[in-house]
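Okay, so here's the structure we're looking at.
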Amino acid sequence: LLDACGIPVPPEVQGRSILPLLRGEREGWPEEAFIQISEAQVGRAVVTRRWKYGVTAPEKSGGRDAGSDHYVEQYLYDLEADPYELVNLVDFDTHREVADVMRRRLLRRMVAAGETEPAIEPPAELRSVRRRGPFPEEVSA
């Protein structure tokens, strides 16, 4: 926004100008959005066009702790099939492959933001259900 107003961006400010995106220049932009939550809880998330995946730090307190070295998976939503985020798939064994891909994406984004790579645990129990997707070719979306 500073760039759009013609104001020089201070070097200590994270991020970059969104003007290229507004002009339709998408090359070099990530396929996902990184979300950092540190107010009500300590959490991190990554969202693609299809998937939303998030983790929280159970031993940490929002407002007091900025981050953690240990997180637990909290949610995985298929935004195409479930745009209202009604069915949390994070503990379904049928979606473990998707959760693993999204976890790696989240870790990359956390490290790129200057965080030390944390441990991320899956849910305590995985539910077994008959496979209804996603199929391997859908995971990278």
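The values are calculated or read from the model by the stated rules, or taken from the named source; none is laboratory data. Computed from a prediction, not measured in an experiment: that's the story for all the values here. Counting neighbours? That spans all protein chains shown, and the Cβs are built from the backbone with ideal geometry, glycine included.
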Check on Val46, of a type in the set (Val, Ile, Thr), modelled with pLDDT of 90 or more and not in a helix (DSSP H, G or I) | yes
One residue from Gly24, Gly15, Gly67 being modelled with pLDDT under 95, on the phi > 0 side of the Ramachandran plot, within 17 Å of the chain's Cα centre (by Cα) and not in a strand (DSSP E or B) | Gly15
On the given criteria, is Leu1 exposed (fewer than 14 other Cβ atoms within 10 Å of the Cβ), modelled with pLDDT under 85 and not in a loop (DSSP other than H, G, I, E, B)?
-> no
Any residue in segment 99-115 that's within 16 Å of Gly67 (Cα to Cα): show its pairings with residues that are loosely packed, with under 12 Cβ neighbours inside 10 Å and not hydrophobic (A, V, I, L, M, F, W, C) at Cβ separation under 7 Å, as long as the two are six or more apart or on different chains.
-> Leu107/Glu117; Met110/Glu117; Val111/Glu117
Find the residue count for segment 60-112, including only residues that are among the small types (Gly, Ala, Ser) and either touching a Leu at 6+ places or on another chain (Cβ under 7 Å) or loosely packed, with under 14 Cβ neighbours inside 10 Å (or both).
-> 6
Those residues of segment 34-59 which are without any contact (Cβ under 8 Å) to a residue 60 or more places away in the chain, under 16 Å from Pro122 (Cβ atoms) and either surrounded by fewer than 15 Cβ atoms within 10 Å (Cβ to Cβ) or aromatic (Phe, Trp, Tyr) (or both) amount to Tyr53, Pro58
Scan segment 81-92 and report the pairs whose first residue is within 13 Å of Val55 (Cα to Cα) and whose second residue is of a type in the set (Phe, Trp, Tyr), with Cβ atoms within less than 6 Å and a gap of 6+ or a chain change.
-> Asn88/Tyr75; Val90/Tyr75
Would you mind finding the one in Asp82, Asp91, Asp65 that is in contact with a strand residue (DSSP E or B) (Cβ under 9 Å, 6 or more places away or on another chain) and among the acidic types (Asp, Glu)?
-> Asp91
Which members of segment 5-25 meet the condition of being under 26 Å from Arg49 (Cα atoms) and surrounded by 10 or more Cβ atoms within 10 Å (Cβ to Cβ)?
-> Arg16, Ser17, Ile18, Leu19, Pro20, Leu21, Glu25
Inspect all residues belonging to segment 71-84 and state whether any of them is of a type in the set (Asp, Glu), in a loop (DSSP other than H, G, I, E, B), in contact with a Phe, Trp or Tyr (Cβ under 6 Å, 6 or more places away or on another chain) and modelled with pLDDT of 95 or more.
-> no
Within segment 28-43, of all residues that are outside any strand (DSSP E or B) and closer than 21 Å to Met102 by Cα, the one modelled with the highest pLDDT is Val42
